[in-house]
Amino acid sequence: MAEVVQYHLEQMVDELEDLEKRGLFSKTELKTIVKKRTKFEYALRRRRVGRAAFLHYIEYEINVDALRRQRKQRLAREKRGEKTTLSDFSITQRVISIFERALVKHPEDSMLWLQYIEFIKARRRMAPGIGEEEEGESHSRLLSSVFARAITAHPYESQMWIKAAAHELDVNSNSNAARVLLQRALRLIPEDQHLWIEYFRLEMLLVEKIKTRRRILGIDQPSTDATTLSDNLSATESTEMETGDDNAFIDLPQLDEEENSERSGLQLDNVEERFAEQALARLDRKTAAEGSNISEEDRATMAQQTNAYLQGVVAQIIYEQAIKAIPTSLEFRQELTSVAALFSDTERIREIILSSIRNDFKEDTQARAYLCSAHLASVSTTSPELVDGLHCAVGNFKTTLEELDTSDMWTEYVRFLVQWHDACAGMESLRAYFGVLIDRAVVLIGEHKDGRLNAELALICADNIQTRMEQTNDDSNPSEMRLLNWLADATQRFPSSADLWHRRLSLLLAINADSANSVPANVASDSRLDGLFADQALVQVPASKKLWNLFLDWIEQRFSKGQISADHVQSRYFCAFGRATQQRSIMALSTDENALSRLYDLVAHLQIRYVDWAWNLPLHRKQLSAISDIAQMELALADDEEDEEGNVTENNVKNFGNVEALRQAYRNVSRHAFPTLLFYRRCLELEPDSKNKTMLHEMACRVDESDMKPWLAYLVFLNKIKELNQASTVYWRATKAIGDSRQLEFETAYQSLLHNPKKVDLNI
């Protein structure tokens, strides 16, 4: 090990001498650099080296190089004409060498390949600098080589293929190479949407380039409906399409995975496209030799030869192949339509896509809604065509609703109206027009609630009713009762909708808080609200965080006003724990990971909220003995005032809460609920006493003994308070609980903690 490390250090001698000679680093700084590199080199010589060790080394070298460049620029202003030397390239070469060593250890890590590629790209963009033109060219050649190896190692990673094709097109100006790469990728992974979209985009872009060249050469007159190309073509894209360095082409070996795909018959090449490109090449040669004096006969011949390709036949073939590979995705076809809209004269291909959506998704409400307003995608809010386009879209929706009179279709229609009502800010006539349409839709939906109403529509209708109340300044009893009755009927029809319950209960709480309201008192009384919350809403939707927050906010507000006791608040919290935990137990066998994660977050949120409430309870002077001596001293210095009951009234003693209530709270949760790691984390943040913190760490480790983070946090705490014997015992227990397969990972993390605790995430 030492010999290899020494060898790598000896390779740095010339570089270090050059850095010192040019005055970029002092001797002291160079010694520090050597020490850090020695430490990193030894870390890389371990038997098992993780990806993080290489990345830390790379990060350090990049920071050193950034400092070198900054100092070099400053000296360049003082000493003009300074030549490029070894140190200008050595650090970059070292980073490349570290990446190569990392990929030898971890060739299966696709993220490492992508980071390597991005580093080379960044270095290439930084060149040319002062004498760095050759460095940029070498980076371009290196990038082609890295892409070839990365694709060979990860042939099913679509991002690798897409980035490689972009490199060939943008850097090497080799459209043929970019096309071949995407075709080979699609033979391997024909179900990947991103690959099809990028291949479709590529062919549309190449057609746009040919059109631009023909216009410049005077072959075709510009299309009357063509859009400005400056937004669609970058400076790189307007370069020669057929040129390219054959030596820089990403030369991939024949992949084993391609053999079966080629037999399946997926053919993406097009004879007409190749013929068009050959005709264009002949055109360029003839134009260069004879100038722009082309006969009408030759012009017509060339236009006929390239017409099929310029009309988008290749893009059409790609689209047909794409929907054969991915037949059921509406979003995929919508994305292809958006790509086609970026280029000029693409009405034909867009109509083909829309026709296929119309034929293949006849009963899909989202597809029908998209077809109704698809023509608005290319219309801006300042365009004179906007009004006609909106009238056409509304007419399309009405026709569709006659054919497909369902709640989902009505939902799409009302969404469209609300979206454009909000988008037409500043255009009062259009806003009024959409407002009238929304009112009519609400009336029509209300007349046929059984067939047209769903939870989302009910909420939108409630918003409309309230908006009309606010616009007319009508706070009368009939208006509010109309909204309340609508929400009551909606929650009865759709009892599992948390949004509807939240809207109804929020309105009732606002009425309850407003003593001047004209609504009858029994409609929003405390007893009625408590029953709606506890017996209906939270029974129907026990996993809704915002409903529990609304309920507990109201309970705590009543407690702060002295209307209920602390025991009553505590009973409500434990009712919340029970229902949330019961729901989590019911979902334990579910395969929906997102639902389980949301339930875990809800349980943890409720437990943390309970602890915070207990911590913020008013302090009594007789409780001060439970606070540490430091806390008592600061309380004495604070000169806080007491109320009539002897409670400290200024900011709950600023930085100190009710420690006794806190301890009673987390003891109650530990005994009667299922505490989470996030709950223990919050308790550890609030608990001031070391002995109680030790107990909390012990309980946190028991929640999931195979989780390393609670053990690491416990060990850091014990080392901090100098309990080394206990730390040794806990370390032994942790290694047994974690298992042999993760002992090395645990040991590495623990050693990193001992040297630099701030760099390790200890959130348990």
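The values are calculated or read from the model by the stated rules, or taken from the named source; none is laboratory data. Note that the coordinates shown come from a computational prediction; the quantities given were computed from them, not determined experimentally. A quick note on method: Cβ atoms are made from the backbone with ideal geometry, for glycine too, and the neighbour counts reach across all protein chains shown. Side chains are part of the model used for accessible areas, which takes the heavy atoms of the whole protein and leaves out ligands, DNA and RNA. Shrake-Rupley method; radii C 1.70, N 1.55, O 1.52, S 1.80 Å.
Need at least 2 residues that are touching a Leu at 6+ places or on another chain (Cβ under 7 Å) per element, so show me which helices (runs of 4 or more DSSP H) inside the stretch 307-379 make the cut, counting only ones lying wholly within it.
Once the helices (runs of 4 or more DSSP H) in the stretch 307-379 are filtered for at least 2 residues that are touching a Leu at 6+ places or on another chain (Cβ under 7 Å), what remains is 313-325, 347-360, 365-373.
Take Arg493 and decide whether it is open to solvent by 60 Å² or more (accessible area, probe 1.4 Å), assigned by the TED database to the domain that holds Val394 and closer than 28 Å to Gln540 by Cβ.
yes
Select from the stretch 178-191 the residues that are more than 14 Å from Lys324 (Cβ to Cβ) and within 25 Å of the chain's Cα centre (by Cα) and list them in ascending order.
Correct list: Ile189 only.
Within the stretch 209-218, is there a residue that is small (Gly, Ala, Ser) and under 30 Å from Pro107 (Cα atoms)?
No, every residue in the stretch 209-218 fails to be small (Gly, Ala, Ser) and under 30 Å from Pro107 (Cα atoms).
Failed condition for Pro542, given (1) modelled with pLDDT under 90; (2) surrounded by fewer than 14 Cβ atoms within 10 Å (Cβ to Cβ); (3) within 28 Å of Ala490 (Cα to Cα); (4) in contact with a helix residue (DSSP H, G or I) (Cβ under 8 Å, 6 or more places away or on another chain), with all others met?
So the condition that Pro542 fails would be (2).
Every residue, every condition in (1) open to solvent by 60 Å² or more (accessible area, probe 1.4 Å); (2) touching a Cys at 6+ places or on another chain (Cβ under 8 Å); (3) of a type outside the set (A, V, I, L, M, F, W, C); (4) not assigned by the TED database to the domain that holds Ile117, yes or no:
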position: Asp18; (1), (2), (3), (4): no, no, yes, no
position: Arg48; (1), (2), (3), (4): yes, no, yes, no
position: Phe54; (1), (2), (3), (4): no, no, no, no
position: Arg71; (1), (2), (3), (4): no, no, yes, no
position: Thr85; (1), (2), (3), (4): no, no, yes, no
position: Ser90; (1), (2), (3), (4): no, no, yes, no
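Note down all Cβ pairs under 9 Å where the first residue falls in the stretch 90-104 and is more than 15 Å from His8 (Cα to Cα), the second is not in a helix (DSSP H, G or I), and they're at least six residues apart or on different chains.
From residues that are more than 15 Å from His8 (Cα to Cα), the pairs are Ala102/Val49; Ala102/Asp109; Leu103/Asp109.
Please go through (1) modelled with pLDDT under 85; (2) among the β-branched types (Val, Ile, Thr); (3) in contact with a helix residue (DSSP H, G or I) (Cβ under 8 Å, 6 or more places away or on another chain) for Ile721 and return the number of the only condition it doesn't satisfy.
So Ile721 meets the others, but not (1).
If you take the residues of the stretch 390-413 that are among the hydrophobic types (A, V, I, L, M, F, W, C) and modelled with pLDDT of 90 or more, which of them is surrounded by the fewest Cβ atoms within 10 Å (Cβ to Cβ)?
The first filter runs over the stretch 390-413 and keeps only residues among the hydrophobic types (A, V, I, L, M, F, W, C), leaving 390, 392-394, 397, 401, 404, 409-410.
Narrowing the set further to residues that are modelled with pLDDT of 90 or more leaves 390, 392-394, 397, 401, 409-410.
Working: Leu390: 19, Cys392: 15, Ala393: 21, Val394: 19, Phe397: 23, Leu401: 19, Met409: 20, Trp410: 25.
Only one residue fits best here, namely Cys392.
Name every residue in the stretch 729-764 that is among the polar types (S, T, N, Q), at pLDDT below 90 and over 29 Å from the mean Cα position of the chain (by Cα), in order of residue number.
Of everything in the stretch 729-764, those that are among the polar types (S, T, N, Q), at pLDDT below 90 and over 29 Å from the mean Cα position of the chain (by Cα) turn out to be Thr735, Ser741, Gln743, Thr748, Gln751, Ser752, Asn756.
Within the stretch 552-571, restricting attention to residues that are free of Cβ contacts under 8 Å to residues at least 24 places away in the same chain and surrounded by 15 or more Cβ atoms within 10 Å (Cβ to Cβ), which residue is farthest from the chain's Cα centre (by Cα)?
Ile564
In the stretch 20-39, what count of residues is obtained for those that are among the charged types (D, E, K, R) and open to solvent by less than 90 Å² (accessible area, probe 1.4 Å)?
Filtering the stretch 20-39 down to residues among the charged types (D, E, K, R) leaves 20-22, 27, 29, 31, 35-37, 39.
Next, only the ones that are open to solvent by less than 90 Å² (accessible area, probe 1.4 Å) stay: 20, 22, 29, 36-37.
Counting residues in the stretch 20-39 that are among the charged types (D, E, K, R) and open to solvent by less than 90 Å² (accessible area, probe 1.4 Å) gives 5.
How many residues does the stretch 384-398 hold that are assigned to a helix (DSSP H, G or I) and farther than 20 Å from Val442 by Cβ? Steps first, please.
Taking the stretch 384-398 as the starting set, the residues that turn out to be assigned to a helix (DSSP H, G or I) are 386-398.
If we keep only those that are farther than 20 Å from Val442 by Cβ as well, we get 386-389, 391-392, 396.
Residues that pass the stated criteria total 7.
In the set Leu143, Leu195, which member is touching a Phe, Trp or Tyr at 6+ places or on another chain (Cβ under 8 Å), among the aliphatic types (A, V, I, L, M), assigned to a helix (DSSP H, G or I) and open to solvent by less than 10 Å² (accessible area, probe 1.4 Å)?
Just one listed residue meets the conditions, Leu195.
Residue by residue, here is whether (1) over 27 Å from Leu75 (Cα atoms); (2) assigned to a helix (DSSP H, G or I); (3) hydrophobic (A, V, I, L, M, F, W, C) holds:
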| position | (1), (2), (3) |
| --- | --- |
| Tyr7 | yes, yes, no |
| Glu15 | no, yes, no |
| Thr38 | yes, yes, no |
| Arg46 | yes, no, no |
| Ile58 | no, yes, yes |
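Report the residue count in the stretch 82-117 for those that are within 30 Å of the chain's Cα centre (by Cα) and in a loop (DSSP other than H, G, I, E, B).
Final tally of qualifying residues: 4.
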